[in-house]
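**Student:** Quick one: the structure is below, questions incoming.
The values are calculated or read from the model by the stated rules, or taken from the named source; none is laboratory data. Note that the coordinates shown come from a computational prediction; the quantities given were computed from them, not determined experimentally. Positions of Cβ are generated from backbone atoms using ideal geometry, with glycine treated the same way; all protein chains shown enter the neighbour counts.
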Ligand code: ATP
Ligand code: MG
């Protein structure tokens, strides 16, 4: 044992490519952090587990996620897994964890790594471009997803869902985003720290309220510039001048949409990590779903899962005042980037032929 503290990680492999990419991330993280630093506690859950046992999120799994230091999740969802009433189980596991652990900030870094081509030519690193490096913070517990499961369909004619924006829900996610912008320390080329509020304040009262609460919280962060963008306009800006952005906070549905758009500009879902964070818990998983079309064939890219592990290490390092763990995270990120930059191993979703297991070995080999 090293003299460093160790961390217990509730680990849910889940469905589809979940097990393959989770095992890859576990191998890389364990190697980077050294023996005894991380204890992966395997717990069941997901659509496949529902088919086998009748439970999506077993009590023991929820308990582990609540009590251990962090949660690492593969992916949830299987085509054909349905409840007795015929509705899809889908990624219910993930949704339940989100609400039960109150993971209100869904953090999606959008960063163009060396060796990855961006479809945006002016920003492509291979083209000596300006680079892309910003973070989307998606509100994860309310907004347009608040009526989850409780939307109504009237006589087969009219359907409605509700958009809920609360002061509590907005101020905590805004505070998280401003704090992140202040800690990123001016990642922008102009040296500024900027937090952009993405909404539709011109059309809907709920979004106007979202904006006004963000504005109020801004008073606590005088060093960070506040900026506003309508959700439709930002889809254009994220393609034309992504280097303007530092941190973006968005209502749940808008955050979902612009995160996928952002991911597409830096190589896609197979490379994009995510962290869902609340005051007491953090859950980390790749931004992609369970990709059943390629599951079990060693074709998935483990990069998103590994980079989600990097986010987990940084979150733990911060929370527990453990800078050594932060350095291990940096080493994993550098190893991933060096493999992608060398170009000998290219995952399938980036147009190559490298298998999940080969990519894992290459990244393990690159860990300095
Ligand atoms: P969800 O409903 O959970 O968002 P989805 O149906 O949107 O899932 P994903 O599983 O995210 O779909 O992926 C869409 C497609 O992208 C997959 O079918 C797969 O072909 C490809 N893909 C996703 N993740 C990866 C990965 N890690 N490596 C390689 N290809 C991937
Ligand atoms: Mg999807």
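**Student:** Report yes if residue 322 is within 16 Å of ligand 1 (Cβ to nearest atom), in contact (Cβ under 8 Å) with a residue 60 or more places away in the chain and surrounded by fewer than 20 Cβ atoms within 10 Å (Cβ to Cβ), otherwise no.
**Tutor:** no
**Student:** If I ask for residues that are modelled with pLDDT under 95 and within 15 Å of ligand 2 (Cβ to nearest atom), which ones from region 223-270 would you list?
**Tutor:** 268, 269, 270
**Student:** What are the residues in region 276-315 that are touching a helix residue (DSSP H, G or I) at 6+ places or on another chain (Cβ under 6 Å) and away from ligand 1 (no atom under 16 Å from the Cβ), if any?
**Tutor:** Listed by number, the residues that qualify are 282, 313, 314.
**Student:** Pick from 30, 35: which is without any contact (Cβ under 8 Å) to a residue 12 or more places away in the chain and surrounded by fewer than 24 Cβ atoms within 10 Å (Cβ to Cβ)?
**Tutor:** None of the others qualify; the one that does is 30.
**Student:** Here's a follow-up. Look at region 275-302 and say how many of its residues are within 16 Å of ligand 2 (Cβ to nearest atom) and either more than 27 Å from residue 100 (Cβ to Cβ) or outside the structural domain of residue 67 (by TED's automatic domain parsing) (or both).
**Tutor:** 4
**Student:** If a residue must be surrounded by 14 or more Cβ atoms within 10 Å (Cβ to Cβ) and part of a strand (DSSP E or B), how many such residues does region 139-165 contain?
**Tutor:** 3
**Student:** Ok, one more. Here are some residues: 203, 294. Which one is free of Cβ contacts under 8 Å to residues at least 24 places away in the same chain and farther than 19 Å from residue 107 by Cβ?
**Tutor:** The conditions single out 203.
**Student:** How many of the residues in region 51-88 are crowded, with 20+ Cβ neighbours inside 10 Å and either within 16 Å of ligand 2 (Cβ to nearest atom) or not assigned by TED's automatic domain parsing to the domain that holds residue 100 (or both)?
**Tutor:** The total comes to 6.
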